[in-house]
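For reference, the structure is listed below as structure tokens.
The values are calculated or read from the model by the stated rules, or taken from the named source; none is laboratory data. Just so it is clear, the model here is predicted, and its values are computed rather than measured. All Cβ positions, glycine included, derive from the backbone under ideal geometry; neighbour counts span all protein chains shown. Just so you know, the surface numbers come from the protein's heavy atoms only, side chains and all, with ligands and any DNA or RNA stripped out. Shrake-Rupley method; radii C 1.70, N 1.55, O 1.52, S 1.80 Å.
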Amino acid sequence: MASLRFLVAGLTVFSGLLCLPALAQSPQAGVPAPAAAVTSQITTPVLVLNSLDDSVSVINPLTWTETRRIDTGKQPHHLYLTPDEKSVIVANALSDSLTFIDPKTAEVQRTVQGVIDPYHLRFSPDMKWFVTAANRLNHIDIYHWNGKDMVLAKRVSTGKTPSHLWIDSTSRTVYSTMQDSDELVAIDLAKQTLKWRIKTGPTPADVFGLAGDKLVLVALTGGDGVEVYDVSGNEPKRVKLIKTAAGAHAFRAFGDKRHLLVSNRVANSISMIDMQTLEVVNSFPAPGGPDCMDVSPGGKEILVTSRWIRKLTIIDVASRKVVRQVNVGKSPHGVWTLDHAPR
């Protein structure tokens, strides 16, 4: 089965690399600055998941160097902080396992086996539920969470290839994109049953809910924008398409409660969306197939994984320039650090 983590790589790596020479010559892209010129507000380890190396790169943000690699299970793609903020969970999709890492020391705490195909993962805001998307096996698993361990409550069959998850602020509804059947589905958390499904544009990836739980945004990796859905009624309605750039893929709140970032994997850029006007208000260069992002405290830097060139890219927000790139492993996907702007 051709899932997004392999299919999009094959389809877009060539076009993404073609964009690199032009981007490197752009005044916005700039030239990576020497170490002395870059002062970061990040002090805790930066973790980058190397999906095709089955590892996590540990990066020292003071020197911006990779200090070591942690072996994980097969194909780690996404990660999430536990509600007590004592562990970062790395989901190893092809090993059916979770690796717990100390966010302050980057030491492995434990490995949990038997979590089937955890591609994407998320805790509910009330901290009672832990949810995983089985991208390869077409289901979503809902677990009870007691603060330490998870117990499977229900396995919900979905459409083809569930990708990214979002849970509303009331912990009542899980939203998930279906990347190969081009759908957005909603699941009732308490009942663990499907509430509805709606067709989307091509190859939906990340999903993000706005404050108030009325609107949900879907990034279209097979298109060039972000769809906006009104989910406040019994049936969802598409209300807008925000044009970003080719290959809109992953979201990250900027941390100011006003702006949202979306990585455009094919266009090699990051768009900033105003969450009140639902318009693009800024853009940044992001070479090499940008994927997951994190933001430094105060919003001064954007950290983004450059999927096709094996690097972590650091962008200075004020100048809109790439100021540094750090070599990591094959197909870097998730990125995370404890010192970050609010999510």
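Report the extension gain between D126 and K104 in nm, rounded to one decimal, defined as 0.36 nm multiplied by the number of residues separating them, less their alpha carbon distance. Working shown, then result.
Values: separation 22, 0.36 × 22 = 7.92 nm, distance 2.41 nm.
Length difference between fully extended and current span is 5.5 nm.
Short version: ³J(HN,Hα) in whole Hz for each residue of segment 78-85, in order, from phi by Karplus 6.51 cos²θ - 1.76 cosθ + 1.60 (θ = phi - 60°), x for Gly and Pro, what are they?
The phi angles translate into 10, 8, 7, 7, 5, x, 7, 6 Hz.
Of the peptides 105-113, 89-97, how do they stack up when ordered by the mean number of other Cβ atoms within 10 Å, highest first?
Working: 105-113: 13.4, 89-97: 22.4.
Descending mean neighbour count gives 89-97, 105-113.
So for the chain, averaging the separation of alpha carbon pairs under 8 Å that are six or more residues apart and normalising by length, what relative contact order in percent results?
Numbers: 1024 pairs, mean separation 53.0, N = 343.
Relative contact order for the chain comes out at 15 percent.
Only Cα pairs within less than 10 Å get springs; with that Gaussian network setup on the chain, which residue of S55, S181, S163 has the largest fluctuation?
S181
When only the heavy atoms of the protein chains count and the probe is 1.4 Å, how do K214, K311 rank by accessible area, highest first? Write down the numbers at each step before the final one.
Working: K214 105, K311 50 Å².
Descending order: K214, K311.
Report the net charge of residues surrounding K104, where surrounding means a beta-carbon distance below 14 angstrom and charges are Lys +1, Arg +1, Asp -1, Glu -1.
On the way: positive: K86; negative: D84, E85, D102, E107, D339.
In short, -4.
Among Y175, Y80, what's the order by accessible area (1.4 angstrom probe), most exposed first?
Numbers: Y175 15, Y80 60 Å².
Per-residue accessible area, sorted high to low, gives Y80, Y175.
Any chance you could check the Cα centroid distance between segment 156-209 and segment 264-322 for me, in angstrom?
25
Student exercise: in segment 199-343, how many lysine pairs 8 or more apart or on different chains have Cα atoms under 16 Å apart?
9
Roughly how many Å² of K148 are accessible to a 1.4 Å probe, to the nearest 10?
Looks like 120 Å² after rounding.
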